Amino acid sequence: MPDRRSLRLAAGDGIHPNGSDGSVRGGIHIVVLMLENRSFDHMLGFLYEGKTTPSGEPFEGLTGGESNADASGNEVTVFKIDPAKPSAYFMPGCNPGEGYSATNLQLFGADPEPNPPTSTNGGFVTNFAATLKLNSDRHRPIVPGTVPADIMGIFTPEMLPVLSGLARGYAVCDRWYCSVPTETIPNRAFACAATSQGHMNDLTKSFTVPTIFGLLTGKGVRWKIYGYDKDPLARLDFPDTTGAPDANFGLFRDFQADAQGGQLPAYAFLEPGWGPTGNSQHPAYDVAKGEQLIHDVYRALRDGPGWNQTLLIVTYDEHAAMTMSRRQPVPFPPTGRSANTDSTSRASASGSRPCWSRRLSLPASLPCPHGVHAAGPHVHTQDGRDALGATQPHGQGRRRQRHSRRSYPGHTAGRRSAR
């Protein structure tokens, strides 16, 4: 089992000021690196052959027999990406459909979702085929030779030695779900504020709610948001961040210097480099550049004086239409504290959504046994609520965490053949 102290700290327990410098009790630092748009199965589905960790715990990975049907009804089975393929690190070769309607088609095979809304996770190939046609018609970038079956490609541990090495050397969460079955910005809003205010697409760029950053400021706890080579986008997203001093923001080189000099804040949030030449791992950008970023973040922390007091969480904001074999019911709405809804948001209007999308997260450091499997479920919202609760008086924060965790049911097994 994971170290209980590590899991409490991952949820935000322990973020309480201990001195005038804004440090936390015990000198603990929490560092979150949030990359883009990759699912758990796509990146770590084959992490442990036989779906069992070295310690004998069950691992919700892939068997290699999972499949989706194409438009002709032919089964397309998941496959290991060939590293010799020239475009291997650009798989699946095109940006898949990642909005709410596309997610419905991937999970349910229909939009709107059926009633009762039971997912089969069988629409990934057909939806990717439609997306390829749409992107071709609109002259959007597609790697030459990309076909609908490519959405079923899975990276092997050998292709992702950094990510896989951290997962095996520390811990991995195989039931960590997006808070919103849609695009990047709403999920990043949940990670910072535990709500997207009902917004379900990337058209809304800013929000009007408190965040973990403002609440930490109110408790005298230091935080910092780091962009990669440009100012972080989150600086413009919330009132708590737009009004914060320049000292609360930096670039990746500043993060490296802070880690080396023992000057990390209690809570650090890292953004990748955005765009086609960046290292965010957004499809279909170069995944290898993201591997290098994860490596550089890890080395900056591992080689710094605060390593044994640091929890690094590497995570992704959403699944981005990458194949998934596991489904998860979640009984709360994506609206958070606001009744605002986008015109395209049936999930916000209905107030609930039965199946969220699974993507990977792994915690590293705060020494724990190798190969830990951190059973879930976990979602962005759980992190947000727990972190916000941690800024309350210590007892109240703990009570809120226990209540929050009770609100998430155990996982529901999806069909292992993804039809």
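No value in this document is a laboratory result; all are computed from the given coordinates. None of these values were measured; they are calculated from a predicted model. In this analysis, Cβ positions are derived from the backbone assuming ideal geometry, glycine residues included, and neighbour counts consider all displayed protein chains.
Annotations
- Taken over the stretch 144-263, the convex hull of the Cα atoms encloses 194 Å³ per residue.
- Here the simple spin-label model places points 7 Å from the Cα toward Cβ, and for LYS219 and VAL147 these points are separated by 5.4 nm.
- Quarter of Cα convex hull surface for the stretch 199-295, i.e. mean projection, nm²: 7.1 nm²
- Here is the size of the stretch 266-321 from its Cα atoms: Rg then Dmax, 12.7, 40 Å.
- Counting all C-alpha pairs of the stretch 53-175, share separated by more than 20 Å (%): 54 percent
- Summing charges over all other residues whose Cβ lies under 15 Å from the Cβ of ASP254, with Lys and Arg as +1 and Asp and Glu as -1, gives -1.
- Here the label points at HIS295 and ARG253, each 7 Å from Cα along the C-beta direction, are separated by 2.1 nm in the simple model.
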